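Reading through the structure tokens given below for one structure.
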Amino acid sequence: MELTELLSKARAGDGEAFRALVQPHRTELLVHCYRMLGSLQDAEDALQDTLLDAWRAIGGFEQRSSIRTWLYRIATNRCLNARRASSRRQAKEWSIPQVDPPEPTRLGEVVWLEPFPDALLDVPLGPEARFEQAESISLAFITALQTLPPRQVAVLVLRDVLGFHADEVADMLDATVDSVTSALKRARATLARQPTPSRVAEDAVVARFARAWEAADLDALVDLLTDDVFISMPPVPFEYVGREPAAAFCGRIFGAGRRFDLVPTRANGQPAFGAYLRGADGIGHGTGLYVLTLAGARISAMTAFEKGVLTRFGLPRSLPVSQR
């Protein structure tokens, strides 16, 4: 069915025609909302609200832009409203039983950060985009976006990641081209370009990490870390910066005979692992998801997310230890 016919049917209230119109754009809109909000759960909520708003407004769609651009306008403004709301996920207290964490180097602010499965990342970037796909979805970039004012985030993502023209962005935000240009300049100056996640020797580094973590070999693990390695664990705000604090933290995790099995996956264009604590019952109990950031042949950051995200990556909540 041609676009014109689908649009005509959707305007007349045909739900199936509307779904056919928006379906090709669902995944990229989800990724857009995630970049804006930093939380997959919040992004999914924003996407549902976007599609509901679009359904309600499709009768008035005048085709002054493409369906895709129109949907991005709705999604961006939905995300801006969410960014301005005060209901973002709050920090949580440390809750790992029988593990007393060392004093953190600092407390993180972006406690609502969640990982994004690589399986959902096959989305287009515009020809004028300034970022590569891996760079534009990395945890470092997503975290940095969360520190910018909402309007600057919207402008930066729409212009530099998705490659929309300044006049298109101005129309989406009901702003002037001059104000969009000014916001983009401020966002670029504040953000600074994040380094592209390294894929050099990735397989070897990841394999060494898995061996060291599963064996609780602290020396081998520390040998893999950069001097300024950064460990975080949202929504717990504790952050550890540098080899010595990182070693102290990992040593506490391995303490009391705690041993883990790791199941590889990928998140945010980066290597990741589902972590399973070996139990006396012969079951590996899911404890969370580790996402690694590499710098050459070393690990420059590890972000540990809660076990609730495992199922989003197709990973079980538990597994028999004998299978590993």
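The values are calculated or read from the model by the stated rules, or taken from the named source; none is laboratory data. Note that the coordinates shown come from a computational prediction; the quantities given were computed from them, not determined experimentally. Backbone-built Cβ (ideal geometry, glycine too); neighbour counts: all protein chains shown.
For the stretch 63-107, how many residues are within 30 Å of Leu277 (Cα to Cα) and polar (S, T, N, Q)? Residues flagged as within 30 Å of Leu277 (Cα to Cα) and polar (S, T, N, Q) within the stretch 63-107 amount to 4. Of the residues making up the stretch 21-35, those that are touching an Asp or Glu at 6+ places or on another chain (Cβ under 9 Å) and hydrophobic (A, V, I, L, M, F, W, C) are Leu30, Cys33.
Hey, does the stretch 68-86 have a residue that's within 30 Å of Arg259 (Cα to Cα), among the small types (Gly, Ala, Ser) and not in a helix (DSSP H, G or I)? No, the stretch 68-86 has no match at all.
For Trp112, the stated conditions do not hold, so it cannot be described as surrounded by fewer than 16 Cβ atoms within 10 Å (Cβ to Cβ) and either in contact with a Gly (Cβ under 6 Å, 6 or more places away or on another chain) or not assigned by TED's automatic domain parsing to the domain that holds Arg312 (or both). Counted as qualifying within the stretch 114-231 are the helices (runs of 4 or more DSSP H) with 3 or more residues that are among the hydrophobic types (A, V, I, L, M, F, W, C), modelled with pLDDT of 90 or more and within 16 Å of the chain's Cα centre (by Cα), namely 139-146. What number goes with the only condition from (1) modelled with pLDDT of 95 or more; (2) touching a helix residue (DSSP H, G or I) at 6+ places or on another chain (Cβ under 9 Å) that Pro235 does not pass? The one condition Pro235 does not meet is (2). Going by what's in this entry, would Thr287 be described as among the polar types (S, T, N, Q), touching a helix residue (DSSP H, G or I) at 6+ places or on another chain (Cβ under 7 Å), buried (at least 20 other Cβ atoms within 10 Å of the Cβ) and part of a strand (DSSP E or B)? Spelling it out, it is not the case that Thr287 is among the polar types (S, T, N, Q), touching a helix residue (DSSP H, G or I) at 6+ places or on another chain (Cβ under 7 Å), buried (at least 20 other Cβ atoms within 10 Å of the Cβ) and part of a strand (DSSP E or B).
Which residue is surrounded by the most Cβ atoms within 10 Å (Cβ to Cβ), if the candidates are limited to the stretch 1-41 and must be assigned to a helix (DSSP H, G or I) and small (Gly, Ala, Ser)? Across the stretch 1-41, the extreme among qualifying residues is Ala10. Close contacts from the stretch 294-322, counting a first residue that is exposed (fewer than 15 other Cβ atoms within 10 Å of the Cβ) and a second that is hydroxyl-bearing (Ser, Thr, Tyr) and not in a strand (DSSP E or B), with Cβ to Cβ under 9 Å and a gap of 6+ residues or different chains, come to Gly296/Ser198; Ala297/Ser198; Arg317/Thr311.
Applying a threshold of 8 Å to beta carbon distances and a minimum spacing of six or more residues, or different chains, the list of pairs starting in the stretch 210-222 at a residue that is without any contact (Cβ under 8 Å) to a residue 12 or more places away in the chain and ending at one that is part of a helix (DSSP H, G or I) reads Arg211/Ala220; Asp217/Arg211. Across the stretch 59-72, a minimum of one residue is classified as buried (at least 22 other Cβ atoms within 10 Å of the Cβ), within 26 Å of Pro117 (Cα to Cα) and in contact with a helix residue (DSSP H, G or I) (Cβ under 7 Å, 6 or more places away or on another chain). The residue of the stretch 296-319 that is farthest from Glu135 (Cα to Cα), among those that are in a strand (DSSP E or B) and under 19 Å from the mean Cα position of the chain (by Cα), is Glu306.
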